[in-house]
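The structure appears right after this line, and notes come after that.
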């Protein structure tokens, strides 16, 4: 199975701050990488698909990049509703695997 | 509006069975592959199983192969997960998800609120 390592596991940050979450795959995944947001009430939604494509309805302050084994999610200016859990997920090979998550907390 | 609503979770003893359902609405159910993803308490997300649009192809993670069966009824717009020989490690919130798979894209574009399954004696 492809292991997805997310860093950091938690990140205190302030409103308006720019933050970047990293995701490293145990082998190259050819940009087959998605990002999801999970709110404290459990609600999950996709943010970015295929490394850098913004899901419909997601604010443009979210962006994704990367290649090979290293990928990142950037939020350009934090809004109150962005404090949540974030997961990366690869679909290069089965089983589909997720990162262990990054908790974005208010500083 | 796309809606996915899971049901059927609860407390079950180890070794017993449970069947989850997911009622879909707001889209043409038969046109999309569907999947179950689970999340153990305080843990991350874990893909469980996927089913093709017709139901003719199914895929499972190794830890549930031979114990879980994913199925669908396109006439009822409903997805199912039959879980047999349940173990304590199956304790999790189970999410019903819709798959968006148009090469090179493949992701879970809608998620239900989840249903909790607790396996304990």
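Please treat every number below as a calculation from the coordinates, not as lab data. Treat the numbers as computed from the prediction; the structure is a model and nothing was measured. Ideal geometry is used to build each Cβ from the backbone, glycine not excepted, and the neighbour counts take in all protein chains shown.
Descriptive notes on the structure:
- Sequence-separation-based contact order of chain A, relative, with Cα cut under 8 Å and 6+ spacing, percent: 39
- Nearest-0.05 FRET efficiency for residue B:2 and residue B:116, computed from C-beta distance (R0 22 Å): 0.50
- Choice from B:90, B:62, B:73 with maximal GNM fluctuation in chain B (Cα, 10 Å cutoff): B:62
- For A:105, B:6, B:46, the sequence from fewest to most other C-beta atoms within 10 Å is A:105, B:46, B:6.
- Peptide A:14-25 shows a mean partner chain C-beta count of 0 within 10 Å per residue C-beta.
- Here residue A:14 and residue B:102 are evaluated by their C-beta separation; at R0 = 30 Å the FRET efficiency comes out at 0.20.
- Per-residue packing, averaged as other Cβ atoms within 10 Å, sorts the ranges A:66-79, A:26-39 into the order A:26-39, A:66-79, beginning with the highest.
- Separation of the residue B:75 and residue A:39 label points, Cα + 7 Å toward Cβ, nm: 3.7
- Pairwise centroid distance, computed over Cα atoms, of region B:90-109 with region A:1-65, Å: 15
- Label-to-label distance, nm, for residues given as residue A:58 and residue B:30 (7 Å Cα→Cβ offset): 3.2
- Look at the stretch A:83-92: the mean tally of other chain Cβ atoms within 10 Å of its residues' Cβ atoms is 2.
- Across peptide A:41-54, the average count of Cβ atoms from other chains found within 10 Å of a residue's Cβ is 4.
- Straightening the chain between residue B:52 and residue B:16 buys 10.3 nm, computed as 0.36 nm per residue apart minus the Cα-Cα spacing.
- Its relative contact order, with pairs defined as Cα atoms under 8 Å and 6+ residues apart, puts chain B at 35 percent.
- For region A:67-107 and region B:1-34, distance of Cα centres in Å: 26
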